[in-house]
Amino acid sequence: MKFIGLKSWWNVRLAVSAVIVGMIVVVVQAQPPRGDREGRVGGGVDAAINRLMAYDADKDGKLSKAEMTDGRLFPLWQRCDANHDGEVTRDELTSQLRKEDNASNHGGNGGGPGGPGGGPPGRGPGGPPPGFGQIVPPFLQDDLKLTEAQRTQLQDLQKEVNERLAKILTPEQQQQLQQSRGRGPGGPPGGPGGRPPRQ
Amino acid sequence: MSQSIHVPSRRLFLGALGTALFTTRGLFAEQLLYPSPAMTEGPFYPDKLPLDQDNDLIIIKDSTTPAVGIITHLTGRVLSTSGEPIKDATVEIWQCDANAVYLHTRDSGPKAEQQDKHFQGFGRFTTASTGEYRFRTIKPVPYPGRPSPHIHVKVKRGDRELLTTQIFIRGHEGNARDGVYAGTRDLVDRELVLADFTPVKDSKIGEVRANFDIVVGRTPDERTFQR
């Protein structure tokens, strides 16, 4: 009886370990290659259109100059206003954003052997973590609908992980990691940081 | 942001949790600005902060030799997502010098001969009630592996880090090839990290100016609700 009890205890431990490993695998696998991310929450043309159309205060489906209250987005609004009539339609947004998305995708992924340089490896607090070692990628955070408090806690945890990872790897290894991520699967270095303000 | 504003909106938030709030991606009356996206800190936040940490990166202490590079007047405001200026926010910037060397023992160590010893490499500025910040630095240059010139930024308030991000030059040809910039999937976020670097009128030495507002999504008083 005692023996069985011990055995089942081990089974429980095994099962728990398996679940944890499984979760890690899911998180790792859930991070698709760069090319698959289009259209996901937090990326791609559609998401950008939704974020911009949030400024459509009168809900007429067009963005007027007056509605673009965030000056930082004004240059983008101007680029989108193809016919210069002072209003940006969803079609104008779509065609301009698609153009810009394609241009940078081409540059970002198709840089030939040199590839997209890849940035200095992410190490520290605040910034989105490097794709490798990323505990919960931003899009998954969105999917899980984490609260601000949870995101903050996660960010602190990620900070710890990043710092320890930076201590383990040499700068060259970090650079290499960053570059290999630039070419192959794995998340881009700077995940979508800004979500629509919600409160 | 005062508590009297924050508490009701939080109640609203909690009350709306069960409804379609999360699926409705909209801006709310008091939320006018998207937060500046967080971006990687990179490996070269100075491991040893320079003695001179002021907001003039062109001149170290009382030196008479300025840094090499295009002098840039970087200004902007630190704002909340509702557009309110954030007071007492410390803005830190760091970037590589004109010869592409960071002030960090792992970079300026091996590249000691290449380094511009007159560039401060790092600076700090704490905002007053207007939320404005100001730096005199150099126009950023590409770094090996980073075709996109950039200035690293960190915003702190007290012991709390509010944001780490990077400023990029609008229209720079390297942006599309840059792993960090082009790797940012969100097209709106990409826009929020760009600044125009424009010539200062009548400058005889070719100075430029850049304005970059930093919007922090995490409000400084948020932690009072977490404890």
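The values are calculated or read from the model by the stated rules, or taken from the named source; none is laboratory data. Keep in mind it's a predicted model, so treat the numbers as computed, not measured. We place every Cβ from the backbone using ideal geometry, glycine too, and count neighbours over all the protein chains shown. For the accessible areas, the whole protein counts, side chains as well, though only heavy atoms, and no ligand, DNA or RNA atoms are used. Shrake-Rupley method; radii C 1.70, N 1.55, O 1.52, S 1.80 Å.
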### Query
Which far-off residues, 5 or more places away or on another chain, put their amide H under 5 Å from the one on B:Ile214, with H placed in the peptide plane?
B:Arg77, B:Val78, B:Leu79
### Query
Of the cross-linked pairs B:Lys87/B:Lys154; B:Lys61/B:Lys111; B:Lys61/B:Lys154; B:Lys48/B:Lys139; B:Lys111/B:Lys156; B:Lys48/B:Lys111, which ones have a Cα-Cα span greater than 19 Å in the structure shown?
B:Lys61/B:Lys111; B:Lys61/B:Lys154; B:Lys48/B:Lys139; B:Lys111/B:Lys156
### Message
Please compute, for peptide B:154-163, the average count of beta-carbon atoms on other protein chains lying within 10 Å of each residue's beta-carbon.
### Response
2
### Message
For a quick check: with amide H placed at 1.01 Å from N, whose amide H comes under 5 Å from B:Phe197's, ignoring anything fewer than 5 positions away on the same chain?
### Response
B:Arg170
### Query
Can you list the HN-Hα couplings for the stretch B:180-186, worked out from phi with the Karplus curve (6.51, -1.76, 1.60; θ = phi - 60°), rounded to whole Hz and with x for Gly and Pro?
6, 5, 5, x, 6, 6, 7
### Message
Taking beta carbons within 10 Å but only from partner chains, what does the mean come to for residues A:48-59?
### Response
4
### Task
Between A:Lys167 and B:Thr64, with labels modelled 7 Å along Cα→Cβ, what's the label distance in nm to one decimal, could you check?
4.7
### Task
First measure r as the distance between the Cβ atoms of B:Asp56 and B:Lys111, then evaluate 1/(1 + (r/R0)^6) with R0 = 30 Å and state the FRET efficiency to the nearest 0.05.
0.80
### Task
With label points built 7 Å along Cα→Cβ from the Cα atoms of A:Phe74 and A:Lys59, find their separation and express it in nm.
2.8
### Task
Calculate one ³J(HN,Hα) per residue across the stretch B:118-128 by plugging θ = phi - 60° into the Karplus curve 6.51 cos²θ - 1.76 cosθ + 1.60, and present them in order as whole Hz with x for glycine and proline.
9, 9, 6, x, 8, x, 9, 8, 10, 6, 9
### Accessible area buried between chains B and A, both sides summed, probe 1.4 Å, in Å² to nearest 100
5300
